[in-house]
1. What does the convex hull of the Cα atoms of the stretch A:102-182 come to per residue, in Å³, rounded to a whole number?
2. Within the protein assembly as shown, what percent of beta bridges assigned by DSSP are antiparallel, to the nearest 5?
3. Sticking with the crude label model, points 7 Å out along Cα→Cβ, report the distance from A:ALA287 to B:LEU304 in nm, one decimal please.
4. Between the alpha-carbon centers of the stretch B:218-290 and the stretch A:130-192, tell me the distance in whole angstrom.
5. Of B:GLN298, B:LEU218, B:VAL179, whose Cα points farthest to the positive end of the dipole of the stretch B:92-314 (charges on the beta-carbon: +1 Lys, Arg; -1 Asp, Glu; origin at the Cα centre)?
6. What total accessible area, in Å², is buried where chains A and B meet, using a 1.4 Å probe and rounding to the nearest 100?
7. Counting partner chain Cβ atoms within 10 Å of every residue's Cβ in A:203-214, what's the average?
8. What number do you get for the protein assembly as shown when its Cα radius of gyration is normalised by 2.2 N^0.38 Å, N = residues?
Amino acid sequence: MTATVPTSITTTTTPAGAASPAGAALAASETLTLAAEPPGPPGAVGSMSITDVSCYYGSHLAVADVSLEIPGRAVTAFIGPSGCGKSTLLRAINRMHEVIPGARAEGSIELDGVDLCAKEVDPVAVRSKVGMVFQKPNPFPAMSIKDNVLAGLIIRGQRPRASAADELVERCLERAHLWDEVKDRLKKSGDSLSGGQQQRLCIARAIAVQPDVVLMDEPCSALDPISTLAIEELMRDLARDYTVVVVTHNMAQANRISDVTAFFSLASAGQPGRLVESGPTGQIFSAPKVAATRDYIEGRFG
Amino acid sequence: MSVAQTLGKQPTAADAADAAVTLSASRPSLARRTKNRIASGAVVCAVALAAIPLALVIWAALTRGIERLDLALFTNSMWGVVGQGGGLLHALVGTLLVTGATALIAIPLGLAAAIYLTEYGGQRKLAGITRRAVDIMVSIPSIVAGLAAYALFSLLLGPGTRSGLAGAVALAMIMIPVVVRSSEEVLRLVPGDLREAGLALGSPRWRVIRKIVLPTALPGLTAGAVLGVARIIGETAPLLLVAGFTDAMNYNLAEGRMATLPVFIYTQWSSKGLDTAAYDQRAWAGALVLMAVVVVLQLAARALPPQIAKLRRNR
Ligand SMILES: Nc1ncnc2c1ncn2[C@@H]1O[C@H](COP(=O)(O)OP(=O)(O)OP(=O)(O)O)[C@@H](O)[C@H]1O
Ligand SMILES: [Mg+2]
């Protein structure tokens, strides 16, 4: 019923993976620098190319043969019916699928020419380059708001000195559009915030470790419309400095905030999810190439 | 009425009457109400029966021991005392030292095992074996733990060696499974979300455990540890075997017999001198002190967690 139309598979020619400067930095997590400018080849803008990626849970094939270009410094939206593997693919990008026993991914996902899926690349290093924001806001309850922002550094045992810490916290909270709301209660627990504020705190926490990419899995689905609007605005703003990939069930949201939309679907329950089509959001929403995409966007799906 | 309202209708008198009818119809039958009464009566009786011994113990200890609850009790040992006077300072110090050493052995080991079970073990074989071992340890009679420690120290340091440390090792065997179980339970309560969030920030698993999981669980872990201490602080049998008894002060855990509160009570009671009343009184006063320590620990286990959580928050 659905024709699989992979978008342009640009084969990014990489000078032998780990030999590139970014590859070297990613392979050794301990030497990973947290400098303002991420290491990488000149002109790196955090673009990703996903090539022939399949994801398995044990023997169950959940996502099959996805090839997709994700532009740097832009918002890419993953849309599609429930169970088509959006979350699975998203987690494969920063290798969070490895946390689930039995889960594995095949294929290659390159970030500025470095294959994140390669064996010799440390998943810990990948995750510090590719951050993640979850569906349910999950600030660390045993930490203050301030420490939540610094959490990535604190966990690694790299808590910055007082003044540097204050400066970083202010910058990240400003960036997450949260500073004005919390600047007087930085020492309070992250639990004391509203759901929308907590989610923005989680975004501040994710960008404090200076990733190139921020992945968001339905970041607004647990939030009220006002908070959702705040996060949407924030995502647009983040795309100036980060590559943002967001999973959403909200078509209007995908249309409002994304530059590129990728539509996934599955033939029937139990079948693997596949990429149906992807392209500039305007084109996907106004003139999709595949009928299934139009049906889904117009709410005529299932 | 509320039924009608939730259905979005205007409540009418008829509706109200309907509701009344159905409500009275759903009233429990006489038989059920009688059964209910009998059952709750039985429960109240059972609770009262269980509370009676507790009340009696407190009453007995208070009436017989309160007179000796004087300053001398807390400032003297039994060195050279044969009749009236004397005190339990040596036993109190011994209990604090032995219990402290036990906690120092049992808490790190127990916590390490719990961390292994919750964070790394999963379905692995070693995890299964560890769980089984903990189950067995829970049911080891304390006297057997005492014998094991006695045998161990006899082998290492020569036959008949007695010391506070040997006592602590025996008690640790009893406390470790308690700590493992309570810690495992608490660690499982830490949401998986937080672990994922920590990992997604780009940090190795053990660092996420140290910086996120343990601090989040700290209040519960503390409570579990304090309850573990309360569990072993009244143990007598293993200490009789391996820590022995003395009338004198001993601050050295590694060497020589060391008196402890439960053993003090036991010896005051079992080997009375001529002035039996003096020995009885000291035994009951010792019992009062021991009960007070346990109650304080129990209260601390309840009061500490929120306090710690608050401290961490305001830091
Ligand atoms: N932890 C897991 N173990 C086994 N199978 C899983 C697991 N997580 C997801 N799956 C399976 O993988 C497939 C894709 O799931 P996934 O969560 O990626 O879908 P999704 O597109 O994110 O759906 P939704 O929109 O409901 O979030 C489903 O068939 C699902 O049952
Ligand atoms: Mg999902």
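1. On the way: hull volume 13.4 nm³, N = 81.
It is 166 Å³ per residue.
2. Values: 25 of 43 bridges.
Of all bridge pairs located within the protein assembly as shown, approximately 60 percent are antiparallel.
3. 7.1
4. Comparing the Cα centres of the stretch B:218-290 and the stretch A:130-192, I get a distance of 49 Å.
5. B:LEU218
6. Working: alone 13140 and 18050 Å², together 29010 Å².
Rounded to the nearest hundred, the buried surface is 2200 Å².
7. Details: counts 0, 0, 3, 4, 0, 1, 4, 0, 3, 0, 0, 0.
Whole-number average of other-chain Cβ neighbours for A:203-214 is 1.
8. Working: Rg = 33.1 Å, N = 617, 2.2 N^0.38 = 25.3 Å.
In units of the 2.2 N^0.38 Å rule of thumb, it is 1.31.
The values are calculated or read from the model by the stated rules, or taken from the named source; none is laboratory data. Just so it is clear, the structure is predicted and the values come from calculations on it, not from any experiment. Positions of Cβ are backbone-derived with ideal geometry, glycine not excepted, and every protein chain shown enters the neighbour counts. To get the accessible areas, we keep the full protein, side chains included, count just its heavy atoms, and leave off ligands, DNA and RNA. Shrake-Rupley method; radii C 1.70, N 1.55, O 1.52, S 1.80 Å.
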